[in-house]
Amino acid sequence: MTRRRALLSVSDKSGIEEFARGLVRRGWEIVSTGGTARALAGAGLPVVQVAEVTSHPEMMDGRVKTLHPAVHAGILARGGNRDDAAALAGQGYAPVGLVAVNLYPFGETVAKGGVSVGDAMEQVDIGGPTMIRAAAKNHADVWAVVDPADYPRVLAALDRGADGRALRRELAVKVFAHTSAYDGAVAVWLDQAAGRENGTRTDAGDPVADGSGGGMFPAHLALSAELEGTLRYGENPDQEAAFYRWRGQGRIGLAGLEQLHGKALSYNNYLDLDGALHCLAPFAFSARPAVCIVKHTTPAGMALAETLEEAYLRALRTDPVSAFGSVIAVNRRIDAATATHMSELFIECLVAPAFDDEAMEILARKSGLRLLAMSGDPVAPAHLPLDPDRVDWWREAASEHRASATFLAAHGRLPEPRTLRTVSGGLLAQSVPSPPFYGLESAEWRVVTRRTPSARELDDLDFAWSAVAGVKSNAILLARDGATLGIGMGQVSRVDASELAVRKAAAAGLDLSGCALASDAFFPFRDGVDAAAAAGVRAIVQPGGSIRDEEVIAAADEHEVAMVFTGRRLFRH
């Protein structure tokens, strides 16, 4: 059974003309449909329309065109099977040896936001998945190609004249992963749409009462990711590791970083970069440069200033010892002056929107430093857009809607945001809280003490509250004039975290008089306030909500410390 017929029908037409031309040169007949056929004919290639093969016209605006035995019998006929060959010949059908199909852009369509169920369903491919699944099932005889990147490999394999069975099996695996992810994306979106329409899901993603999910948490969670690359080793040298990026969400978050210099990223580098982007996110809308220095996923120093150079130096002074071997994230293009200072410190990774040429020259002299640019679509719960042309729009939208992740997702800027973490026996899933964006949240705070914070203290509280969102719980952060002074993180009690923050500030030689304090959760007792006041704290921001709030407020009043409640907890375990 000679297989020299190729069926090409692609939504993503990148490389298809070159691929088809290569097949024609090798003696293959090209069968195609719709826009693909027009593109190939326009390139001067001989193309047979599917309607000529099926002797049946396309119907219903193209909904029915390849769903025909002339197509699927040709794909599914088994090589070397005389009965299959006789059945084909009896109907006048020809065998198909290659199917190159990629599917209607469902994910790209719904990502734009505001898409009706009817319009979305028009982008659900039926014939395409059926053809490539048939080809993948019969991969012993048929090439099933869904990724344009594989076109050159297929042509090279055809030239070698080998049977190509190993490559066809590899391509078949891609097909089934592709269709699984595609169907999963449709199921999740349709479930979310149903939840929005019938009122079983709120904007906050509240679960449905019957336990079926409700958009954010569908009854069946479809996950699909593509291997970006294996890593040298895992958290420790005796562990293996790899990095996957989510399919259908573009290059967001860590997958949206472009490495410009340095050796390959390690597993721990990825963890620390994720922490750095998380810490930088609250300052996405800041009119001033921001610098976040992160060690073991939690900040060792953070600062705002009029210049990036000054912001870096102020962030560094918080804990210059822990900054050794750190990961640093900034929200501005790195200039030569800042790069000169940074080159004096051992830094593992440095991520920025861009680097000046002179800064690149300075930093590239450090062979151990990995330089990364936010080159993809920098949109993820912990990695928000830093395009200066969009800041005003984002500031207005975030202010009006409290910068909710749900609002951003609805405007097509985020996938439905959730985090996943493996635990013994399964996964924990949760929605992603939007960061407490600096300059956007303080208007809704409630002053609970007799003394109201001054304008300067209020700005310090705003900065401290935004910064503490990136600190591991239990977390206490001390700040003044847009820079951290001391950070206590990951402690088993809030008093321990307070003592650690004060001790680290003292070790760095920083004066705490008149500073602000942010706590990621409420003070369960007054002892934390007493200790803070003794250290020089004059203003405190915390969620509130303890059964001893009155006792805590009374302690603040005794020390003439201003205190505000945010009504929002920022735990980060």
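Quick test of your reading of the structure: residue 153 fulfils all but one of (1) open to solvent by 60 Å² or more (accessible area, probe 1.4 Å); (2) out of contact with any Leu (no Cβ under 9 Å at 6 or more places or on another chain). Name the failing condition by number.
So residue 153 meets the others, but not (2).
Starting from residues that are open to solvent by less than 30 Å² (accessible area, probe 1.4 Å) and among the aliphatic types (A, V, I, L, M), keep the ones in segment 536-552 and report whichever is farthest from residue 505 (Cα to Cα).
Among them, the one singled out is 552.
Restricting the search to segment 548-573, which residues are within 38 Å of the chain's Cα centre (by Cα), part of a loop (DSSP other than H, G, I, E, B) and of a type in the set (A, V, I, L, M, F, W, C)?
570, 571
Report yes if some residue within segment 350-368 is assigned to a helix (DSSP H, G or I), at pLDDT 95 or above, touching a strand residue (DSSP E or B) at 6+ places or on another chain (Cβ under 9 Å) and open to solvent by 10 Å² or more (accessible area, probe 1.4 Å); otherwise report no.
Taking every residue of segment 350-368 in turn, at least one turns out to be assigned to a helix (DSSP H, G or I), at pLDDT 95 or above, touching a strand residue (DSSP E or B) at 6+ places or on another chain (Cβ under 9 Å) and open to solvent by 10 Å² or more (accessible area, probe 1.4 Å).
Look at residue 50 and say whether it is open to solvent by less than 60 Å² (accessible area, probe 1.4 Å) and within 11 Å of residue 96 (Cα to Cα).
No.
Any residue at all in segment 77-99 that's closer than 19 Å to residue 31 by Cα and among the aromatic types (Phe, Trp, Tyr)?
Start the filter on segment 77-99 by keeping residues that are closer than 19 Å to residue 31 by Cα, which leaves 77, 88-89, 91-99.
From what's left, among the aromatic types (Phe, Trp, Tyr): 93.
Checked segment 77-99: at least one residue is closer than 19 Å to residue 31 by Cα and among the aromatic types (Phe, Trp, Tyr).
Might you let me know whether segment 483-497 holds any residue that is closer than 22 Å to residue 568 by Cα, in a helix (DSSP H, G or I) and small (Gly, Ala, Ser)?
yes
Within segment 126-147, identify whether any single residue is within 20 Å of residue 30 (Cβ to Cβ) and either touching a Pro at 6+ places or on another chain (Cβ under 9 Å) or of a type in the set (Lys, Arg) (or both), and answer yes or no.
Yes, that holds for at least one residue.
Report the residue count in segment 241-257 for those that are at pLDDT below 80 and open to solvent by 40 Å² or more (accessible area, probe 1.4 Å).
Number of matching residues: 6.
Which of the residues spanning segment 110-148 are under 14 Å from residue 72 (Cβ atoms) and in a helix (DSSP H, G or I)?
Of everything in segment 110-148, those that are under 14 Å from residue 72 (Cβ atoms) and in a helix (DSSP H, G or I) turn out to be 127, 128, 129, 130, 131, 132, 133, 134, 135, 136, 137.
Here are some conditions: (1) of a type in the set (Gly, Ala, Ser); (2) open to solvent by less than 20 Å² (accessible area, probe 1.4 Å); (3) at pLDDT below 95. Residue 439 meets all but one. Which one does it not meet?
(2)
Can you name every residue in segment 27-47 that is within 13 Å of residue 17 (Cα to Cα), exposed (fewer than 13 other Cβ atoms within 10 Å of the Cβ) and small (Gly, Ala, Ser)?
Those that are within 13 Å of residue 17 (Cα to Cα), exposed (fewer than 13 other Cβ atoms within 10 Å of the Cβ) and small (Gly, Ala, Ser): 42, 44.
Within segment 178-186, can one find any residue that is surrounded by 17 or more Cβ atoms within 10 Å (Cβ to Cβ), in contact with a Lys or Arg (Cβ under 8 Å, 6 or more places away or on another chain), at pLDDT 85 or above and not in a loop (DSSP other than H, G, I, E, B)?
The answer is yes; a qualifying residue exists.
Residue 36 versus (1) out of contact with any helix residue (DSSP H, G or I) (no Cβ under 6 Å at 6 or more places or on another chain); (2) not in a helix (DSSP H, G or I): which is the lone unmet condition?
(2)
Return the total of residues in segment 11-34 being among the small types (Gly, Ala, Ser) and more than 22 Å from residue 122 (Cβ to Cβ). Steps first, answer last, please.
So the first thing to find is which residues in segment 11-34 are among the small types (Gly, Ala, Ser), and the list is 11, 14-15, 20, 22, 27, 32, 34.
Still in the list and also more than 22 Å from residue 122 (Cβ to Cβ): 14-15, 20, 22, 27.
Matching residues across segment 11-34 total 5.
Filter segment 113-141 down to the residues that are β-branched (Val, Ile, Thr) and surrounded by fewer than 20 Cβ atoms within 10 Å (Cβ to Cβ), then identify the one that is modelled with the highest pLDDT.
Start the filter on segment 113-141 by keeping residues that are β-branched (Val, Ile, Thr), which leaves 115, 117, 124, 126, 130, 132.
When the remaining residues are screened for being surrounded by fewer than 20 Cβ atoms within 10 Å (Cβ to Cβ), the result is 115, 117, 124, 126, 130.
On the way: 115: 74, 117: 78, 124: 78, 126: 81, 130: 88.
Selected residue: 130.
Could you tell me which residue of segment 424-436 is nearest to residue 467 (Cα to Cα), considering only residues that are modelled with pLDDT of 75 or more and not in a loop (DSSP other than H, G, I, E, B)? Steps first, please.
Taking segment 424-436 first, the residues modelled with pLDDT of 75 or more are 425-426, 428-430, 435-436.
Retained after the next criterion (residues that are not in a loop (DSSP other than H, G, I, E, B)): 426, 428-430.
Working: 426: 32, 428: 26, 429: 24, 430: 22 Å.
It comes out as 430.
To keep it simple, each residue is scored yes or no on (1) in contact with a helix residue (DSSP H, G or I) (Cβ under 8 Å, 6 or more places away or on another chain); (2) more than 22 Å from residue 133 (Cβ to Cβ); (3) of a type in the set (A, V, I, L, M, F, W, C).
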{"site": "31", "(1), (2), (3)": "yes, no, yes"}
{"site": "58", "(1), (2), (3)": "yes, no, no"}
{"site": "69", "(1), (2), (3)": "yes, no, no"}
{"site": "74", "(1), (2), (3)": "yes, no, no"}
{"site": "102", "(1), (2), (3)": "yes, no, no"}
{"site": "119", "(1), (2), (3)": "yes, yes, no"}
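Name the residue, out of 511, 530, that is assigned to a loop (DSSP other than H, G, I, E, B), free of Cβ contacts under 8 Å to residues at least 60 places away in the same chain, farther than 15 Å from residue 464 by Cα and charged (D, E, K, R).
511
Test each condition in (1) over 21 Å from residue 89 (Cβ atoms); (2) under 40 Å from the mean Cα position of the chain (by Cα); (3) outside any loop (DSSP other than H, G, I, E, B) for residue 67 and report the one that comes out false.
(3)
Pull up segment 156-177, narrow it to residues that are of a type in the set (D, E, K, R) and free of Cβ contacts under 8 Å to residues at least 60 places away in the same chain, then point me to the one that is surrounded by the most Cβ atoms within 10 Å (Cβ to Cβ).
168
Just one of 272, 238, 191 is of a type in the set (D, E, K, R), assigned to a helix (DSSP H, G or I) and modelled with pLDDT under 85; which is it?
The match here is 191.
Looking only at segment 70-88, count every residue that is open to solvent by less than 80 Å² (accessible area, probe 1.4 Å) and in a helix (DSSP H, G or I) and tell me the total.
12
Of everything in segment 259-294 that's touching a Gly at 6+ places or on another chain (Cβ under 7 Å) and of a type in the set (Phe, Trp, Tyr), which residue is farthest from residue 362 (Cα to Cα)?
Here the answer is 285.
The values are calculated or read from the model by the stated rules, or taken from the named source; none is laboratory data. All of these numbers come straight from a predicted model, not from anything done at the bench. Backbone-built Cβ (ideal geometry, glycine too); neighbour counts: all protein chains shown. With ligands, DNA and RNA removed, areas are computed over all heavy atoms of the protein, side chains included. Shrake-Rupley method; radii C 1.70, N 1.55, O 1.52, S 1.80 Å.
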